[in-house]
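Enquirer: My structure is below; once you've seen it, I'll send some questions.
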Amino acid sequence: MKNAILITIMLTTCYGNVNAQSSSAVSQSCSVILFNDQWLIKSYDKGERAFIDLSAEGVISVRETGSLFVKSFKKEKLAFSIAIKRRTGETEVLFENATFKTVKAQDVLKKCKPGDKIVVLLKDNQRYFLPHYEIEVQGGC
């Protein structure tokens, strides 16, 4: 019974979102941040957090989820921007004034320190919902 309730909540959260800025109801699809084509989060649970090591090398992308239960995703990469939230002072800075479909993690991480958060901002937030939009940077001494 618990699993059935959890599944219902997850599906309602992802596929039943209503855009509050629009006068008409718009259904949004779930999306997920990938690192080297692997989910950065362990599950799509509400409290789940994404982490990346400061020394990581690879590619960050965002895609629409296929199945939340087998960690699949659809082929099309979604457009996004990146900001960096500083551990100290909660200041956010734009990584680059650019839109990405993929970005090298090491290029972003060069501007980060342990404790910072990489913030992924979807360009099409009318069609897609990204509940896990922060990546916590780990590493250092």
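The values are calculated or read from the model by the stated rules, or taken from the named source; none is laboratory data. Worth saying up front: this structure is predicted, and the values here are computed from it rather than measured. For neighbour counting, all protein chains shown are included, and Cβ atoms are generated from backbone atoms with ideal geometry for every residue, glycine included.
Per-residue answers, yes or no, for (1) surrounded by 10 or more Cβ atoms within 10 Å (Cβ to Cβ); (2) at pLDDT 50 or above; (3) closer than 21 Å to PHE80 by Cβ; (4) touching a Cys at 6+ places or on another chain (Cβ under 7 Å):
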{"site": "ALA4", "(1), (2), (3), (4)": "no, no, no, no"}
{"site": "ILE9", "(1), (2), (3), (4)": "yes, no, no, no"}
{"site": "CYS14", "(1), (2), (3), (4)": "yes, yes, yes, yes"}
{"site": "ASN17", "(1), (2), (3), (4)": "yes, no, yes, no"}
{"site": "SER27", "(1), (2), (3), (4)": "yes, yes, yes, no"}
{"site": "TRP39", "(1), (2), (3), (4)": "yes, yes, yes, no"}
{"site": "SER43", "(1), (2), (3), (4)": "yes, yes, no, no"}
{"site": "GLY47", "(1), (2), (3), (4)": "no, yes, no, no"}
{"site": "ILE52", "(1), (2), (3), (4)": "yes, yes, yes, no"}
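Enquirer: Still on this model: If I ask for residues that are over 18 Å from GLY47 (Cβ atoms) and under 15 Å from the mean Cα position of the chain (by Cα), which ones from segment 121-141 would you list?
Expert: Residues satisfying the conditions are LEU121, LEU122, LYS123, ASP124, ASN125, ARG127, TYR128, VAL137.
Enquirer: Can you confirm whether GLN138 is out of contact with any strand residue (DSSP E or B) (no Cβ under 9 Å at 6 or more places or on another chain) and either hydrophobic (A, V, I, L, M, F, W, C) or surrounded by fewer than 21 Cβ atoms within 10 Å (Cβ to Cβ) (or both)? Give the steps one after another, and end with the answer.
Expert: On the way: out of contact with any strand residue (DSSP E or B) (no Cβ under 9 Å at 6 or more places or on another chain): no; either hydrophobic (A, V, I, L, M, F, W, C) or surrounded by fewer than 21 Cβ atoms within 10 Å (Cβ to Cβ) (or both): yes.
Answer is no for this residue.
Enquirer: Within segment 94-118, track down each residue that is crowded, with 18+ Cβ neighbours inside 10 Å and part of a strand (DSSP E or B).
Expert: Those that are crowded, with 18+ Cβ neighbours inside 10 Å and part of a strand (DSSP E or B): PHE100, VAL103, LYS117, ILE118.
Enquirer: Something else: Would you confirm whether any residue within segment 67-88 is among the small types (Gly, Ala, Ser) and in a strand (DSSP E or B)?
Expert: Our first condition is that a residue be among the small types (Gly, Ala, Ser); within segment 67-88, this holds for 67, 72, 79, 81, 83.
Narrowing the set further to residues that are in a strand (DSSP E or B) leaves 81, 83.
Yes.
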